[in-house]
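Nothing in this text is a laboratory measurement; each read-out follows from the coordinates by a stated rule. If you're wondering where the values come from, they're calculated on a predicted model, not measured in any experiment. All Cβ positions, glycine included, derive from the backbone under ideal geometry; neighbour counts span all protein chains shown.
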Amino acid sequence: EAQVTQNPRYLITVTGKKLTVTCSQNMNHEYMSWYRQDPGLGLRQIYYSMNVEVTDKGDVPEGYKVSRKEKRNFPLILESPSPNQTSLYFCASSSRQSYTEAFFGQGTRLTVV
Amino acid sequence: SQQGEEDPQALSIQEGENATMNCSYKTSINNLQWYRQNSGRGLVHLILIRSNEREKHSGRLRVTLDTSKKSSSLLITASRAADTASYFCAGSGSARQLTFGSGTQLTVLP
């Protein structure tokens, strides 16, 4: 089954404690992205990757890092989480052409206290 | 920056009625896509309309695109309670993949 898998689904952490949210897709997609969703703001892109070892900033990259060492994986790293990073996070992937649909993971609800 | 802005922000209708949601976007696009999100879940792709298309149908969905006005509309006909969800438009431009609006919350009352 074609899918994007995020882990964990829920996470509560403390300010400053490094964390990683994993994302994996099994569709051999070139494009992968991370979004955060906050009430009233819709989805905002954090980082995206056009292929292995190619990443770029989205609209709200501050406080986040990503890596793309393998085609299927695109982890999101918060080196020093802060309460304003409390949000619902989504990973998405799509094929080479940006003219096609994106497939989304089920989301990671992160709370930073 | 948000590519799409949906209107209205919230819409409540009776089962069987049609639901229309509008989207305006800011910059040039290759295509415009509509997604559905059930509460707190991942987004699911509904329909894609390319910049050289004006109208597209898929089941009970009808999408229009007016590139001169930078706007699109999503019509859901004969709505059902199961259509209750948030609906997002997203513009696909250069290499930035999709840029989403803030969504329309649709409630279909049984």
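Find which of B:Val44, B:Ser12, B:Gln105 sits farthest along the positive direction of the dipole of chain B, computed with +1 on the beta-carbon of Lys and Arg, -1 on that of Asp and Glu, about the Cα centre.
Of the listed residues, the answer is B:Val44.
Any aspartates and glutamates with Cα under 17 Å of the A:Lys57 Cα? List them, leaving off those in the same chain fewer than 8 positions away.
A:Glu30, A:Glu79
For region B:44-110 and region A:75-113, compute the distance between their C-alpha centroids and round to whole Å.
So the two Cα centres are separated by 22 Å.
Kirkwood hydrodynamic radius for chain A: how many Å is it when counted over pairs of different Cα atoms?
13.9
Give, rounded to the nearest 20 debye, the magnitude of the charge dipole that chain B has about its Cα centre when Lys and Arg contribute +1 at Cβ and Asp and Glu contribute -1 at Cβ.
340
Place +1 on the Cβ of every Lys and Arg and -1 on the Cβ of every Asp and Glu in the protein assembly as shown, take the dipole about the Cα centre, and give the residue among B:Ser24, B:Trp34, A:Val4 whose Cα lies farthest towards its positive end.
The residue sitting farthest along the positive end of the dipole is A:Val4.
Mind scanning A:Lys18/B:Lys26; A:Lys65/B:Lys69; A:Lys71/B:Lys70; A:Lys18/A:Lys71 and naming the pairs with a C-alpha gap bigger than 26 Å?
Violating the 26 Å limit, Cα to Cα: A:Lys18/B:Lys26; A:Lys65/B:Lys69; A:Lys71/B:Lys70.
How would A:Tyr47, A:Tyr35 line up from fewest to most surrounding beta-carbon atoms within 10 angstrom?
A:Tyr47, A:Tyr35
For chain A, set up a GNM with springs between Cα atoms under 10 Å and report which of A:Leu19, A:Leu76, A:Leu41 has the largest fluctuation.
Of A:Leu19, A:Leu76, A:Leu41, the Gaussian network model singles out A:Leu41 as fluctuating most.
Please report the equivalent ellipsoid semi-axes of the protein assembly as shown, computed as sqrt(5 x eigenvalue) of the Cα gyration tensor, largest first, in whole Å.
Ellipsoid half-lengths, sorted descending, are 29, 20, 15 Å.
Which Cα, out of A:Leu41, A:Thr15, A:Gln106, lies furthest along the positive dipole direction of chain A (beta carbon charges, K/R +1, D/E -1)?
Among A:Leu41, A:Thr15, A:Gln106, the one farthest towards the positive end of the dipole of chain A is A:Thr15.
For region A:10-113, state which trypsin sites (Lys or Arg not before Pro) are in a DSSP loop and have at most 13 other beta carbons lying within 10 Å of their beta carbon.
Passing both the DSSP loop test and the Cβ count: A:Lys17, A:Lys18, A:Lys69, A:Arg96.
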